[in-house]
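Single-structure report; data block below.
Computed from the coordinates by the stated procedures, all read-outs in this text should not be read as laboratory data. Everything numeric in this text was worked out from a predicted model, so none of it was measured. Glycine also receives a Cβ, built like all others from the backbone with ideal geometry; neighbour counts cover every protein chain displayed.
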Amino acid sequence: MEIRPVFSALMRNKAGLMLIALQVAITLAIVCNSMFIILERLQKMDRPSGLDEAEVFSLSSIGFAPGYSLEATVAEDLAALRGMPAVIDATPLNAIPMSNGGWGDSISAQPLDPASPDDNSESTAVYMVDDHAIEALGLQLVAGRGFLATEVGTRTQNDEGAPGAVIITRLLADALFPDGDALGKPVYIGVRAAGQEPVSVVGIVERLQKPWINDATVDYSMLVPQVPLFGNFSRYMVRAQPGRRDEAMQAAEALLVEGNRGRMVRGVRSLEEVRGNSYRVDRAMTWVLAAVIVSLLVVTGLGIVGMVSFWVTRRVKQIGTRRALGARRFDIRRYFMVENVIVISIGIGLGVLLTYGFNLWLMENYDVPRLAWYYLPIGAAVLYVLGQLAVLGPASRAAAVSPAIATRAA
């Protein structure tokens with residue numbers, strides 16, 4: 001079949017042609033960018049935290065009784081939690097990964113220069129823990145060791161002293177020491193002040209997410225051997241035996257309540273719950289965009305069905321004439337399907353410009369990455385398939401037109 005006669009026939013219906021082509025172009029632009037954002041959000045939500053999420057949970061307490069001793073309470077709580085049959089280990093912690101609230105600091109392989117605006121430092125999350133942290137959090141130690149009990153100190157809100165050792169994530173180690181071998185190297189952390197003392201990297205863990213899930217360097221974290229003692233507040237991260245997390249959560253809360261009536265125990269949450277709460281906006285966005293994609297494809301498909309049905313109705317006598325001259329049903333069906341391919345192709349040509357224009361707007365206003373090239377051919381293939389499925393019904397009705405129609409008076 002020659003394309004030129006089909007195209008010439010389409011030009012006699014310019015309004016319908018441009019309407020469907022424009023609808024296809026808009027659909028392509030929105031579908032491609034929406035699929036890109038959905039995949040990006042799914043990848044973001046699926047990032048591993050580095051912890052044993054299935055078995056780790058947190059709980060905290062606030063003392064209110066007169067003479068409440070936070071340091072003594074923390075020591076007693078940890079001993080009680082570690083002695084529970086359903087618990088592997090426990091550690092104090094100042095912030096929960098993926099919770100969107102925590103401590104941050106700068107870290108550098110060189111002393112920080114107060115006079116230099118560019119000190120080559122990296123922004124990192126700070127997790128204050130004790131010597132049980134690796135086991136209690138379920139972290140994967142890839143080099144070095146965990147903290148020793150003799151290295152663990154305390155940290156108060158007004159204490160700005162640096163620890164004697166740190167454990168950092170693998171990606172942070174690679175950023176600080178691109179040549180490798182960060183283990184045992186000195187690093188500098190804290191405020192830009194003269195006379196900083198170096199801190200030794202004693203261990204490297206595979207991964208540990210920051211509390212802030214939207215941070216560009218979400219895996220740049222460090223552990224410091226300092227038990228946080230802030231006011232009368234304490235927080236613990238507990239790792240349960242496999243399959244016993246829920247049991248351990250209930251027992252741990254009851255144990256701490258009974259152990260000290262001079263405080264309130266609260267914030268009992270699994271790490272899976274923390275992840276779910278923190279990523280709820282991203283999850284909602286994926287569902288909304290998925291609904292938008294489905295709605296647009298349905299509307300576009302119905303638009304094609306309606307327009308082709310209108311064209312078939314207007315051309316009934318012409319179709320009958322062709323059938324009387326020997327055209328087969330297959331030929332009639334093919335004519336409308338080829339016609340639809342031309343319309344979709346025009347729409348896709350316009351859609352390429354709209355797709356990248358929309359992506360540039362998203363990049364400038366919403367910090368969305370550049371659209372990967374392969375989304376366009378995928379989106380185009382979806383629209384071609386949709387167009388052929390949508391035109392199949394009207395084209396089959398056209399193919400069923402009897403040759404006798406050609407003999408009827410107008």
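What's the longest bit of the chain with no exposed chymotrypsin sites (Phe, Trp or Tyr not before Pro), using DSSP loop states and at most 11 other Cβ atoms within 10 Å as the test? Write out the running numbers ahead of the final one.
Values: sites that count: F64, W373, Y374.
Longest site-free region, per DSSP loop and neighbour criteria: 65-372.
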- [ ] Indicate the helices, whole DSSP H runs only, in the chain that combine a mean Kyte-Doolittle hydropathy of 0.5 or more with a Cα extent along their long axis of 24 angstrom or more.
- [x] 14-45, 280-314, 329-366, 375-399
TODO: Among DSSP beta bridges lying fully in the chain, give the percent that are antiparallel, nearest 5.
DONE: 75 percent
Open item on the list: Whole percent per 10 Å bin, from 0 to the bin with the longest distance: what is P(r) over all C-alpha pairs of the chain?
Closed with: 4, 17, 19, 15, 12, 10, 9, 7, 4, 1, 0
Task: Cut-off of 10 Å, at most 13 other beta carbons, DSSP loop: longest stretch of the chain lacking such GluC sites (Glu not before Pro) - done: 161-410
Open item on the list: Sort T154, T313 by Cβ crowding within 10 Å, fewest neighbours at the top.
Closed with: T313, T154
Open item on the list: Using the Karplus curve 6.51 cos²θ - 1.76 cosθ + 1.60 with θ = phi - 60°, what ³J(HN,Hα) values do you get for each residue of the stretch 171-185, in whole Hz, with x for Gly and Pro?
Closed with: 5, 5, 4, 5, 5, 6, 10, x, 7, x, 6, 6, 4, x, 7
Task: trypsin sites (Lys or Arg not before Pro) within the stretch 313-410: DSSP coil, no more than 16 neighbouring Cβ in 10 Å - done: R328, R370, R408
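For the stretch 314-353, rounded, prolate or oblate, judged on the Cα gyration tensor with a ≥ b ≥ c (square roots of eigenvalues), a/c < 1.5 rounded, else prolate if a/b > b/c? Intermediate values should be presented prior to the final figure.
On the way: a/c = 5.81, a/b = 2.89, b/c = 2.01.
Since a/c reaches 1.5 and a/b is larger than b/c, the shape of the stretch 314-353 is classed as prolate.
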Open item on the list: Can you sort D89, D174 from fewest to most other Cβ atoms within 10 Å of each residue's own Cβ?
Closed with: D174, D89
Task: Taking D179, D52, D131 and counting other C-beta atoms within 10 Å, the order from fewest to most - done: D179, D131, D52
Task: Cross-link partners of K317 among lysines (Cα-Cα below 28 Å; sequence separation of 8 or more within a chain) - done: K14
- [ ] Starting from the amide H of R263, placed 1.01 Å from N in the peptide plane, find each other amide H under 5 Å away whose residue is 5 or more places distant or on another chain.
- [x] F64
Open item on the list: For the chain, set up a GNM with springs between Cα atoms under 10 Å and report which of S200, S106, S295 has the largest fluctuation.
Closed with: S295
